[in-house]
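The structure appears below as structure tokens.
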Amino acid sequence: MPEQNVNIQTIENGRAAFAFNAVKEYVDKHSSESDFNSNFKSYIKKMPAMIHVNGLGQTLAFYYSKRTTKAYGAIYKMIGDYLKTKFDSATKYTELIDWVVNLQSPEYRLATNETMALLDWMRKFVSGLVTED
């Protein structure tokens, strides 16, 4: 049983590290743009509820449609980059949404769970890293 706890902790630490680095890099790059950062914070915080209500595919399709907006595009890319580290099949697609809509149910559920777990960390870090004036 201790080996399983180590594996779970390693996975969680990897998620946390990815989320922290992604959010921090974004915030550092755009720290002078307060409305941009507050939008980024808001969009990250709203995404888990959107996934819960609409599903991963619909939510990512929405973020994909808004990707020309810097904050939406950044979040979409962060999630895509993370999922490509977790799912070999994702690396075969150039667009995250293309991969997601072609998933079978078991892998779709795993992708949803991974995304929700990542967003949990991203929400925590964005709350600490983005200050609103």
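For every helix of n ≥ 4 consecutive DSSP H residues, a contribution of -39,500 (n - 2.57) applies; sum these over the chain, divide by its total residues, and give [θ] at 222 nm rounded to the nearest 500 deg cm²/dmol.
Numbers: 6 runs with 107 residues, N = 133.
-27000 deg cm²/dmol, from helical runs alone.
Enumerate by residue number the chymotrypsin sites (Phe, Trp or Tyr not before Pro) in segment 49-128 meeting two conditions: DSSP loop (anything except H, G, I, E, B), and at most 14 other Cβ atoms within 10 Å of the site's Cβ.
The qualifying sites: there are none.
What FRET efficiency comes out for the pair S31/Y108, r = Cβ-Cβ distance, R0 = 25 Å, nearest 0.05? Intermediate results must be reported in sequence, preceding the final value.
Details: r = 36 Å, r/R0 = 1.44.
In this case the efficiency is close to 0.10.
Between A49, A61, A111, where does the largest GNM mean-square fluctuation fall for the chain, given springs only between Cα atoms within less than 10 Å?
A49
Based on Cβ point charges of +1 for Lys and Arg and -1 for Asp and Glu, what charge dipole magnitude is obtained for the chain about its Cα centre, in debye rounded to the nearest 20? Each step should come with its number before you reach the end.
Values: 16 positive and 15 negative charges, 42 e Å.
Computed about the Cα centre, the dipole is about 200 debye.
Could you work out the Rg to Rh ratio of the chain, with Rh taken as the Kirkwood radius (inverse of the mean 1/r over all Cα pairs)?
Values: Rg = 14.9 Å, Rh = 15.3 Å.
Radius of gyration relative to Kirkwood radius: 0.97.
Using a Gaussian network model of the chain with C-alpha springs under 10 Å, which one of G80, G57, G14 is most mobile by mean-square fluctuation?
G14
I want to check the label-to-label distance for K24 and D88. Put each point 7 Å from Cα in the C-beta direction and report it in nm to one decimal.
3.1 nm
Percent of accessible area on the chain owned by carbon and sulfur, 1.4 Å probe? Write out the running numbers ahead of the final one.
On the way: 3980 of 7800 Å².
That share works out to 51 percent.
Hey, if you put +1 on the Cβ of every Lys and Arg and -1 on every Asp and Glu Cβ in segment 19-61, which of A49, S38, A19 ends up farthest toward the positive end of that dipole?
With unit charges placed on the Cβ atoms, the residue in question is A49.
The values are calculated or read from the model by the stated rules, or taken from the named source; none is laboratory data. Just so it is clear, the model here is predicted, and its values are computed rather than measured. A quick note on method: Cβ atoms are made from the backbone with ideal geometry, for glycine too, and the neighbour counts reach across all protein chains shown. Accessible surface is based on the protein model in full, side chains and every heavy atom, while ligands, DNA and RNA are left aside. Shrake-Rupley method; radii C 1.70, N 1.55, O 1.52, S 1.80 Å.
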